[in-house]
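A quick write-up on the structure given underneath.
The values are calculated or read from the model by the stated rules, or taken from the named source; none is laboratory data. Only a predicted model underlies this, so the values are computations on that prediction, with no experimental measurement involved. Neighbour counts are summed over all protein chains in view; Cβ atoms, including those assigned to glycine, are modelled from backbone coordinates with ideal geometry. All accessible areas refer to the heavy atoms of the entire protein, side chains included, with ligands and DNA or RNA removed. Shrake-Rupley method; radii C 1.70, N 1.55, O 1.52, S 1.80 Å.
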Amino acid sequence: MANNEQEKTLWQQFKEASQHAYLPCQQFFDQQNAIQAENAAQRQALCDELQHYLDNLPEQVNWQGHIAILKKAREDWQKYHPVEAKLHKKLQSQFTNIIKALEEKLHAEYQKQEDKKRALITQVQQLMNVENVFDACQQAKELQNTWKTLGSCGHHKDQQLWDEFSQQCDALFAKRTEAKEAKLAEDAQVVAKAEELVKQL
């Protein structure tokens, strides 16, 4: 230990040097805090915007736009990173709950459209039992037009249901083709008999 006066002087010099050395670190930490604060503000604004959209969903929703909003929201959320730990937990919970609610709306719409498409599949299956296959095929065409007016129930499910529906329609149209061919064969026999009668006469 030096004497008291020397100790005070040396301590003051050491303290000033330490503060000067720490200055770049403090600037870095200040910058990081500012970035985290801005990211937190952006995430809060995103949550507010999504909540407003959820609270004001119209009766007729643009579901393609709805899907795009969900996709962009997730992208923006990842972009606004990092966030201070305490705020992150609160914001993440808020964001997750809103996204879940929006996804539930979408899945409800998917289920609604799936039910409609399955009903059409059942109808076209029942047409196989209609006695007049030509009338049945006309009804199948009307069902195909109805199918085109329905919304999506998810790409994978859409394709699966369409394959099933089109197979049922194809089976019905094949039955019509068989009926046409049978009618032509029957007509040919009638003509042949008529020609034979003409010869006999």
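Within segment 87-110, does at least one residue satisfy the condition of being under 30 Å from ASP170 (Cβ atoms), in contact with a Cys (Cβ under 9 Å, 6 or more places away or on another chain), open to solvent by 80 Å² or more (accessible area, probe 1.4 Å) and modelled with pLDDT of 95 or more? The answer is no; no qualifying residue exists. Restricting GLN168, GLN160 to those that are touching a residue at least 12 places away in the same chain (Cβ under 8 Å), open to solvent by less than 90 Å² (accessible area, probe 1.4 Å) and not hydrophobic (A, V, I, L, M, F, W, C) reduces the list to GLN168.
The residue that is farthest from ASN39 (Cα to Cα), among those in segment 59-73 that are in a helix (DSSP H, G or I) and open to solvent by 100 Å² or more (accessible area, probe 1.4 Å), is GLN64. Is it the case that segment 55-63 has a residue that's within 30 Å of TYR110 (Cβ to Cβ), in contact with a Phe, Trp or Tyr (Cβ under 6 Å, 6 or more places away or on another chain) and in contact (Cβ under 8 Å) with a residue 24 or more places away in the chain? No: zero hits. Whenever a residue of segment 1-21 is of a type outside the set (Val, Ile, Thr), its partners that are assigned to a helix (DSSP H, G or I) and surrounded by 10 or more Cβ atoms within 10 Å (Cβ to Cβ), lying with C-beta atoms within less than 8 angstrom and at least six residues away or across chains, give the pairs MET1/GLU7; ALA2/LEU10. If you go through segment 119-149 and pick out every residue that is surrounded by fewer than 16 Cβ atoms within 10 Å (Cβ to Cβ), touching a residue at least 12 places away in the same chain (Cβ under 8 Å) and among the aliphatic types (A, V, I, L, M), you end up with 1.
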